[in-house]
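Q: This is the structure I have questions about; it appears just below.
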Amino acid sequence: MRRMWSPAVGEVLRELHASLSLRKRPEDIARLIQDLHAAQGAEPDEVTETALAKAAENSLLNLWYGYTSMREDFARPVGAQRQLARMTSLFTDVPELPLPDGAGDDPARIEAAIRRAGASIGRAYGQNDFGMDRLDRAERTAAGLGEISKRQYNKRFRLLRRMEAKLARLIHEQRRREVTMTGKGALAHVLPYGLFAADPDTAAFIAYITARGYTRSIFTNGRQSQAYDEVAEALFQRLRAQPERTCWPAVAHVHPTPEVLAEVSDEDLTHLLVRWNGFLRQVADQLEAAWNRHPLERKTMIVRRGNDSSTWNQAAQAWNTARAHWFAILFELGQEEILDRFCPGKVPRLMAADVAYWHRMSGGGLHPDTYIAADLPLPWKVLRGEEECPRSLVEAVCARHRRDPVAGAWTAPRPTAEAVASRRTPELVHGVAVADPLMASALRSAGVFSGKGKRAAALEWL
């Protein structure tokens, strides 16, 4: 049963819930959590108050310029609003048109409109061959289209053909956006408001750790910053202090540690397991599509000409996130014997050649997981049953490369992360940290660090 909160608390909870699909800075989420505590009239413990104050000090509301050069949303695909407006003007005899606002972003409504409009000119969905699928004069007359000129008929036919292509692109981009968000924030963006807002402390923890997960990668030859920092640890301690109030199933969507999963019912865990299993198959399809466009150099995972590194890396991160959650839930349910027959490996990301060189020059090298992944079957072939990848094979490959399969999370869930120090979110230009957002805007406009050879005319005044 959902609890009722005061309007002030409800307003902040709504804003925190909306942030699960945005890319707000963690500092700004920390400031919202402070507002949430104030709206509740509650005084947090000293540790939490100190951690939140440290983070919120650099929120946009507390900075004199109050501005960030980085997008605070994941790139959204352009909908079919323009094409639907054109359809409305051409197909005046279709009673279902025009569609309501927002329909241009809904693939189901777009497809239904294409089918209805196509039926009005005797065209079936998918008939896109301009030479073979159009009706001739006799066929148009027989279909009751004698009053429509050939030119008007062709205009309608071409529009529907273009709209089907637009629909395919829209679906692809929407799925890519979902893959990107899931890779960074797990299932936070699909959490319903009722589950998210069942407990304010639960909502605060989920919103903050999701914002931390959504932060962009920085150009470095070291490790990326972990999502679980000292602020997240302080917020999680509040959940530990009142386990009976915490909505543990909601937390399990983003933070599947053994401690969290032990508080979730087997039924809820099974639902999550099924969801992650379906997502693994969806991401495997994207990985296969990227591979088929241009196979990768698996032994090094260094980008070569023709590789779609952005799509691959987004899908690889999503695969590894989904796999980690799938493993954690599988072990909590006591079903790890499945791995004896089916133990898909991790997917390494592609690395730019200059970054790989930087690693070598600083005394490092390729991550050992790269060599292990190269010796295992491709994940989409494992999911389809075309190649076998049991736990014994993974253990043998790990032994050959002197890697502990349990500690390396190849045959077991990821180890529980230790909290890291909270640091200010940097302004990034193509992954490179710069001093302030105004400088970042100028550098980005000039094409600096983009690798595309743009002239830096905008830098003349710097």
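Bear in mind that the values in this text are calculations on the coordinates, not laboratory data. Bear in mind that the values here come from a model prediction, so they are computed numbers and not experimental data. Cβ atoms come from the backbone with ideal geometry, glycine included; neighbour counts cover every protein chain shown.
Q: Within 10 Å of each residue's Cβ, count the other Cβ atoms and sort Asp129, Asp229, Asp45 from fewest upward.
A: Going from sparsest to densest Cβ surroundings: Asp129, Asp45, Asp229.
Q: Here is a further query. Taking neighbour counts of Cβ atoms within 10 Å as a proxy for exposure, in what order, fewest first, do Thr180, Thr416 appear?
A: Working: Thr180 20, Thr416 13.
The fewest-first ordering by Cβ neighbours comes to Thr416, Thr180.
Q: Can I get the semi-axes of region 262-425's equivalent ellipsoid? Compute them from the C-alpha gyration tensor as square roots of 5 times the eigenvalues, in angstrom, largest first.
A: So the three semi-axes of region 262-425 are 27, 20, 17 Å.
Q: Obtain the radius of gyration and the Kirkwood radius of region 81-172 from its C-alpha atoms and give Rg over Rh.
A: Numbers: Rg = 12.9 Å, Rh = 13.4 Å.
Ratio value, two decimals: 0.96.
Q: Shifting gears a bit: Round to the nearest 10 and give me the degree value, 0 to 90, for the angle of helix 266-293's Cα axis relative to the longest principal axis of the chain.
A: With both axes taken from Cα atoms, the answer is about 60 degrees.
Q: Cα axis of helix 309-332 to longest principal axis of the chain: angle in degrees, 0 to 90, nearest 10?
A: It works out to around 60 degrees.
Q: Can you pick out the pairs among Lys299/Lys346; Lys24/Lys54; Lys184/Lys299; Lys24/Lys166; Lys166/Lys381 whose Cα atoms lie more than 19 Å from each other?
A: Lys184/Lys299; Lys24/Lys166; Lys166/Lys381
Q: Let me ask something additional. Can you list residues from other chains, or at least 5 along the same chain, whose modelled amide H is less than 5 Å from the amide H of Val420?
A: Amide H to amide H, under 5 Å and 5 or more residues apart or across chains, Val420 pairs with Asp229, Glu230.
Q: Another one. Can you give the angle from 0 to 90° between the axis of helix 81-90 and the longest principal axis of the chain, with both taken from C-alpha atoms, to the nearest 10?
A: For helix 81-90, the angle is close to 20 degrees.
Q: Continuing with the same structure: Determine the shape class of region 94-138: with a ≥ b ≥ c the square roots of the Cα gyration tensor eigenvalues, call it rounded for a/c under 1.5, and otherwise prolate if a/b is greater than b/c, oblate otherwise.
A: Verdict is prolate for region 94-138.
Q: Quick one: order Tyr357, Tyr371, Tyr193 by neighbouring beta-carbon count within 10 Å, fewest to most.
A: Least crowded to most crowded, the residues run Tyr357, Tyr193, Tyr371.
Q: Over the chain, what per residue volume does the convex hull of the Cα atoms give, in whole Å³? Numbers along the way, then the final one.
A: Numbers: hull volume 97.2 nm³, N = 462.
Per residue, the Cα convex hull of the chain comes to 210 Å³.
Q: While we're here: Please label the shape of region 1-67 as rounded, prolate or oblate, based on the square roots a ≥ b ≥ c of the eigenvalues of the alpha-carbon gyration tensor (a/c under 1.5 means rounded; beyond that, a/b larger than b/c means prolate, else oblate).
A: oblate
Q: What 222 nm value per residue comes from the helices of the chain, counting each DSSP H run with n ≥ 4 as -39,500 (n - 2.57) and dividing by all residues, nearest 500 deg cm²/dmol?
A: The helix contribution divided over the chain gives -16000 deg cm²/dmol.
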